[in-house]
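Every read-out reported here was derived from the displayed coordinates using simple, explicitly stated rules and does not represent laboratory data. Source: prediction; values computed, not measured. Cβ placement follows ideal geometry from the backbone for every residue including glycine, while neighbour counts extend to all protein chains displayed.
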Amino acid sequence: MALHLLARLRPRHLAWPLFALAFWRYLAVYGLPYANDVVFLWLIAALVAASVHSGGRKGWLYVLRDWVPVMAVVWAYSLLRGYGAHTPWRPHYAPQIAFDEVLGFGETWTVRLQHLLYHPGQPQWYDYAIVGVYMSHFFAVFGILAVLWKRNHARFRHFLACYLSITFAGFLTYVLYPADPPWLAAIENHLPAVDRIVNAVLENSGLHRAGTIFENGSRFANDVAAMPSLHSAYPMMIALVFWPRAGRTLRVILAAYPLAMGFTLVYGGEHFIIDVLVGWAYAWVMVTLVNRLVARRTASRAAKREAAAVAVERPSVPVG
């Protein structure tokens, strides 16, 4: 039996084992990948492994054709995002604090929630929950892109267009309006003490490597890239894109995800409420624009096909 199975093995069957071995080695040395470009690289590798394993001769070429340019764009954004920290403008903090204090009746909700719920050194169940919600930011969009790429290429391109448009709109805002997050505003004595709860929970859990990555980010990190919150924009983008075709259960999930992320960011000290609201607004504007462009292009193509069909079916008029 074993010899029979060995005889049926083909080189393509080694694709997944080799990928799993390489990924396990990476995890052992570096821990979970959180940088966008690294996550994208492993995602491309997984798609290549799947394509090779399936036996298609050109499947892996299609992966490289569709995904390498996307990874290049994401890497370029990561690089530019870091340079965005060196703008000639001083980071803003007063407008965000003033807005949040109005909503909080004289106190920001970050400070209030941490005072009510957070116990330094003693993480509660909801602290672990917000870690999961926060970390989903690094994987959710890319996972959805991978599924759409396999199942529906048109929706893959649509979702990718929404993601890239929101991302670069956010980058432009970071350059023009650098903004302090709550934890940095607290360090600069503009707010009472604020903890970065996600990082603290990771460190308290013994996941020091993850905590270090979270704290330092990639070498292209930008601490004043708080307005808008892309952490809040992407969940709203997911909800807006999938809502029209979603059933009742999925709609509950789609509605809950942006709200859970918003709470996570405010309670965790990562963003002010205004950052979250502006992130949601960016998502709505960009998804709406992409939808209109797609609808216009679809209508134009349909009109051209109809005109071509009419031209073919129109009977020729005899001469003379």
Suppose each label sits 7 Å from its Cα in the direction of the beta carbon; what would the F23-L176 distance come out to in nanometres? 4.0 nm
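Taking 0.36 nm per residue of sequence separation and subtracting the Cα-Cα distance, how much length would be gained by fully extending the chain between V147 and R296, in nm to one decimal? Don't skip to the answer; put the middle values down first.
On the way: separation 149, 0.36 × 149 = 53.64 nm, distance 2.56 nm.
Full-extension gain reported as 51.1 nm.
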With +1 on the Cβ of every Lys and Arg and -1 on the Cβ of every Asp and Glu, the dipole magnitude of the range 89-306 about its Cα centre, in debye rounded to the nearest 20, is 1840 debye
Amide H contacts of H92 (H built 1.01 Å from N, under 5 Å, at least 5 apart or other chain): A179, D180
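Order the peptides 150-157, 247-254 from the highest to the lowest mean number of other Cβ atoms within 10 Å of their residues. Walk me through the numbers before you get to the answer.
On the way: 150-157: 13.2, 247-254: 11.1.
Most protected by this proxy first, the peptides run 150-157, 247-254.
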Estimated translational D of the range 89-306 in µm²/s (Stokes, Kirkwood radius over Cα pairs; 4 °C; 1.567 mPa s): 70 µm²/s
What FRET efficiency, computed as 1/(1 + (r/R0)^6) with R0 = 35 Å and r the Cβ-Cβ distance, is obtained for A129 and A307, rounded to the nearest 0.05? 0.05
³J(HN,Hα) computed for each position of the range 126-141 - Karplus, 6.51 cos²θ - 1.76 cosθ + 1.60, integer Hz, glycine/proline x: 6, 5, 5, 5, 5, 4, x, 5, 4, 5, 4, 4, 7, 10, 4, 4
Using a 7 Å offset from the Cα along the Cα-to-Cβ direction at both F105 and L64, what is the distance between the two label points in nm, to one decimal? 6.2 nm
